[in-house]
1. Considering the stretch 461-488 alone, what residues qualify as being within 18 Å of D544 (Cβ to Cβ) and either without any contact (Cβ under 8 Å) to a residue 12 or more places away in the chain or among the aromatic types (F, W, Y) (or both)?
2. Can you run down the residue pairs with Cβ atoms below 6 Å, 6 or more apart or on separate chains, where the first is in the stretch 571-598 and of a type in the set (K, R) and the partner is assigned to a helix (DSSP H, G or I) and crowded, with 20+ Cβ neighbours inside 10 Å?
3. Considering only residues of the stretch 648-673 that are assigned to a loop (DSSP other than H, G, I, E, B) and closer than 30 Å to S752 by Cβ, which is farthest from the chain's Cα centre (by Cα)?
4. T251 versus (1) in a loop (DSSP other than H, G, I, E, B); (2) farther than 26 Å from T624 by Cβ; (3) under 23 Å from the mean Cα position of the chain (by Cα): which is the lone unmet condition?
5. Out of all the residues in the stretch 730-760, which are free of Cβ contacts under 8 Å to residues at least 24 places away in the same chain and of a type in the set (G, A, S)?
6. Considering only the stretch 159-189, state which residues are touching a residue at least 40 places away in the same chain (Cβ under 8 Å), in a loop (DSSP other than H, G, I, E, B) and open to solvent by 90 Å² or more (accessible area, probe 1.4 Å).
Amino acid sequence: MDVKYANIVLPLAQNYFTFQIGEELSDLVVGECVEVPLGKSKIYIGIVWAIHDIKPDYKTIKTVYKRVGNSPRLSALQIKFWEWISSYYICTLGEVMRAAIPSALKPEGFSSEEFMRDLYKPLTISEIKWGEKINTIDELNRTLEGLKRAKIQYRAVLELCNMANIKDTDTHIDRSFRTLRNAFDYDSTIIKALEKRGIIEIVKVEITQDKLNNVPYNTNLPILSSAQEIAFTEILEGHKERDVALLHGITGSGKTEIYIRLIDNYLREGRDVLYLLPEIALTSQLIERMKRYFGERVITYHSKHPPRKRVENYLRVNRHNGGELIIGVRSAIFMPIGDLSLVIVDEEHESSFKQTDPAPRYNARDCSIVLSSMCGAKVVLGSATPSIESYTNAKEGKYTLVNLSERYGEATLPNIIISDNIRSVKRGERKVHFNKILLDSINDTISDGNQVILFQNRRGFSPYIECNSCGWTSRCDECNVTLTLHKMEGKLRCHYCGFSTSPPQHCPSCRVGIPDAKGFGTEKVEEELQKLIPTARISRLDRDTSRTEKGYKTIISDFSRGDSDILIGTQMLAKGFDFSGVSLVGILNADNLLNYPDFRASERAFQLMTQVAGRAGRADKKGTVIIQTSQPEHPTIKYVADNNYIGMVHEELQERSAFLYPPYCRVVTLSLKHRDKQLLYDAAAVFGNEGRKIFGSRLLGPQPPSVDKIKREHILCFMLKIERTGSFARAKEMLLNIVKAMGSDSRFHSVSAQCNVDPQ
Ligand code: ADP
Ligand code: ZN
Ligand code: ZN
């Protein structure tokens, strides 16, 4: 017989490994999961990518001989999609697999035991049914007769008859009878004895959560306002001509209600819908809202679910029941959806749709457009502040542009007040980090029984501590950043490598000075405000308080219910929350948003401030927003205050066209890293020279990023800008060739190089 080989993708930074296919697996097909040995004793799960008869030229070719039960088979669509990601984002198929398959479906181990321990096994329940000896009433009667002496067994069988509803007049046995083992109150010795006699049989049944099949399709849909109705129709009409529609709807305009109507349209036909959100904490509010309409049809997927639940939800989607709504964050793009008809990307401007580290550095928004074009699905991108790229695509006619420019119902856009920090200080009207107007407004709002949201872009207590005598600051040894003080926890923490230490009582440098907390994060805002308004009930939403699903759910539901007055948070707060009691929003320090060294800084600052502001006055109460800044004349602040999205876009487009930035070009960045700084600089110089021979001034760098050392590795970056008329694919290929050439120089082969395509 011919020997066959399989290219198998493993969750490693490689495309695939080639194995011989064992005889047991002669019927193996592409997309299946197999258990494979690698190296001395490691076991992995791999996905069969191709089957062929070309013998690889390894010294020893290992054989695969085992399929994995319970594992899904990758569809042709998924295979095509993974291939695209790997080629577009310059990463290996193994890296795609790492992101795409839930961990309990791809365990690895050094022994079978280790491997099996982590491998997902479905939960089962035991059921009792009639055994092989009980086929007729006669047999049943004879059995009972024979059990007369074994009293308990006799009683047990009688009870089973009762459960099976067998009457004296019955003439035959219904063999399909089943009952839960747990519902049958006899201990295991009796059960075993009956089993041994062939009277009953115990069967293990996998628990699946698919209650869906019995749920008739029946939803009470929201009634749309006339503006919403028009937008809804425009999206449907638009989808007849273009696959993507951009819904530009101001905050509180009721975009979600439009999504609900769209989702209903497809679920009703038994087709599936994917709903992507930028932030896990946000899903809890939305999921409740969606469950009210679609009940059991809603399936969620994100990393805060325990591993078992992730797998169960993944497998449930993989069963292709039809008519399901999958809600998740970016990784949900990899769900094995059977009949994808529509993808909704809510808050499409959010940079968290892009994975930065590790590879694959994919953008789930852009991926959803590609995936949809592969399977004929439609896409809706929604935002109150669309990304400039999406907006440009819509303006150029690639997407349908749908506008929704009024808030739903009686709600109106909030009043925006700019409060000048410097003037406030001069007039003696600033208390710690609060200008008088903000503090007064907070007090008034709470006394009126309304709620307040405060935004500060930093978590922790203060971003660094500084000696009041010699100027020493707390810095991480491994990274080139300051250590953030987390006061409640009593720790200085590095937000890049996770290092933590206790804050020193005395300056470790001059030994006399006292380190002082500088700047302020959410924790400090909370402490200061509690001192200023002792009666206020304050809660805080940031990465520190929302590590667990329970943590953020509690904070959000308490605030929704009105159990706290003030919610202080980081950008997590800017992502689509809907709290009807909030009438005041304060942005404590707009300056650190404005002064960001990135070509998207103004766009981001505008989006963030507009989104945070949009949390105010979403119901019948008129909202107010107060922005504290030292640059009240800054154009971005003006655009926010005037609610002038178009103005912001036009100004940005002029800048970007003048200096050639997206959307006028495409960007790949390359980061080179090494522990030896000199070696890294040498490598970068060589790379820069070679690169410029090919790309000329399109290649910028090397330049140290704002944090130029992480975990003892120094970092240098290059940026490659390719005009839209050029071939991006070709440019990336040439870039890779230069990277490879550099790596083949023995001096530099230990320099690591990472590409980031379309960085955010
Ligand atoms: P957006 O996502 O556009 O900021 P939402 O969809 O959260 O806005 O809607 C804002 C508020 O208005 C929500 O509380 C929502 O329930 C309410 N709302 C919007 N449209 C409707 C509608 N058609 N019927 C009932 N309530 C609506
Ligand atoms: Zn000192
Ligand atoms: Zn560090």
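1. Matches in the stretch 461-488: F461, Y464.
2. K575/L282
3. L660
4. The single condition T251 does not satisfy is (2).
5. Once the filter is applied, which keeps residues that are free of Cβ contacts under 8 Å to residues at least 24 places away in the same chain and of a type in the set (G, A, S), the stretch 730-760 yields G743, S744, S746.
6. R175
Condition check ((1) β-branched (V, I, T); (2) within 16 Å of ligand 1 (Cβ to nearest atom)) across all residues:
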site	(1), (2)
E528	no, no
T535	yes, no
D544	no, no
D565	no, no
Q571	no, no
V582	yes, yes
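Residues checked against (1) open to solvent by 30 Å² or more (accessible area, probe 1.4 Å); (2) within 16 Å of ligand 2 (Cβ to nearest atom); (3) at pLDDT 95 or above:
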residue: N220; (1), (2), (3): yes, no, no
residue: S225; (1), (2), (3): yes, no, yes
residue: Q228; (1), (2), (3): no, no, yes
residue: T233; (1), (2), (3): yes, no, yes
residue: K240; (1), (2), (3): yes, no, yes
residue: A245; (1), (2), (3): no, no, yes
residue: S253; (1), (2), (3): no, no, no
residue: I260; (1), (2), (3): no, no, yes
residue: A281; (1), (2), (3): no, no, no
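The values are calculated or read from the model by the stated rules, or taken from the named source; none is laboratory data. The model shown is predicted, which means the values in this text are computed figures rather than measured ones. Cβ sites come from the backbone with ideal geometry, for glycine too, and all protein chains shown count toward neighbours. Keep in mind that these areas ignore ligands, DNA and RNA; they rest on the heavy atoms of the full protein, side chains included. Shrake-Rupley method; radii C 1.70, N 1.55, O 1.52, S 1.80 Å.
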